[in-house]
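The values are calculated or read from the model by the stated rules, or taken from the named source; none is laboratory data. If you're wondering where the values come from, they're calculated on a predicted model, not measured in any experiment. Here the Cβ positions follow ideal geometry from the backbone for every residue, glycine too, while neighbour counts run over all protein chains shown. For the accessible areas, the whole protein counts, side chains as well, though only heavy atoms, and no ligand, DNA or RNA atoms are used. Shrake-Rupley method; radii C 1.70, N 1.55, O 1.52, S 1.80 Å.
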Amino acid sequence: MVNIPNVITLIRGFLVPLFIMAVFYKNFKLALIIFLVASISDALDGFLARHLNQVTTLGVILDPIADKALINSGFILLSYVDRIIPVWLTILVLSRDVIILVGGWLLTTFGKINKIKPTMIGKLTAFFQFFTIFLTLLNLNYQICNSFCINVIYGVTALLTVLSAIDYGAKGIQEI
């Protein structure tokens, strides 16, 4: 169903290739602007979908895909292309997503779960993953954070990512 929240989600999806190009070509100011617009659109589409009672199956599917495309491309590019975010953190972020994806697919395949619902730790993890990319881009442009500050954020993001993977794993095992 086409509605305003779904259009906003689609726009966020179309911003991902622009974000990738901006980071790849080291235009970090443009990357920061695109990332901010995409992040705000994530909050806006969810808010509108709930408050206008326009939650759709399409939106439920597209929203996390757009989020993961933005987050994962940010981590991959900022760690592998430019060596800015530590590679180990990117591996944790991607591994968690693979674990959740495979676990969700297995549970759905065996008829153990109809809908995978985000947990509070999962939402907090997503927030910190977004924040990590935002702060990294902000720091690349304006040097607002020293290495200790940025390493603390990387550590918190890593810890939440691992805790979230464990939480989703435990919930998946309970379903079985």
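The magnitude of the dipole of region 31-93, with charges of +1 and -1 set on the Cβ of Lys/Arg and Asp/Glu and taken from the Cα centre, is near 80 debye.
The charge dipole of the chain, taken about its Cα centre with unit charges on the Cβ of Lys, Arg, Asp and Glu (plus for the first two, minus for the last two), comes to roughly 40 debye.
Accessible-area rank, largest first, for Phe130, Phe14, Phe19: Phe14, Phe130, Phe19, with all protein chains present and a 1.4 angstrom probe. Taking all protein chains together and rolling a 1.4 Å probe, Lys26 ends up with roughly 120 Å² accessible.
Projecting the Cα atoms of Val7, Ile85, Gln54 onto the dipole axis of region 1-95, where Lys and Arg carry +1 and Asp and Glu carry -1 at the beta carbon, places Ile85 farthest toward the positive end.
Sparsely packed loop sites in region 77-151 (the trypsin sites (Lys or Arg not before Pro) outside DSSP H, G, I, E and B with at most 13 other Cβ atoms within 10 Å) comprise Arg83, Lys112, Lys115.
Ranked by solvent-accessible area (1.4 Å probe, protein heavy atoms only, all chains present), the residues Phe28, Phe35 order from largest to smallest as Phe28, Phe35. Taking all protein chains into account, the per residue accessible area for the chain stands at 57 Å² (1.4 Å probe).
When each full DSSP H helix of the chain is screened for a Cα extent of at least 15 Å along its own axis and an average Kyte-Doolittle hydropathy of at least 1.6, the helices passing are 4-24, 87-109.
For Tyr168, Tyr80, Tyr25, the ranking by accessible surface with the largest value first comes to Tyr25, Tyr80, Tyr168, using a 1.4 Å probe.
With the helix formula -39500 (n - 2.57) applied to DSSP H stretches of n ≥ 4, the chain reaches a computed 222 nm mean residue ellipticity of -28000 deg cm²/dmol.
Using C-alpha pairs under 8 Å with a sequence gap of at least 6, the mean separation divided by the residue count of the chain gives a relative contact order of 26 percent.
Protein heavy-atom surface of the chain, 1.4 angstrom probe: 74% of the accessible area is carbon and sulfur, with nucleic acids and ligands not counted. Measuring with a 1.4 angstrom probe and ignoring ligands and nucleic acids, Ile91 comes out at about 80 Å² accessible. Surface calculation, 1.4 Å probe, protein heavy atoms: Phe24 sits at approximately 110 Å² accessible. Evaluated over the chain, the count of Lys pairs having alpha-carbon atoms less than 28 Å apart is 14 (only pairs 8 or more residues apart or interchain).
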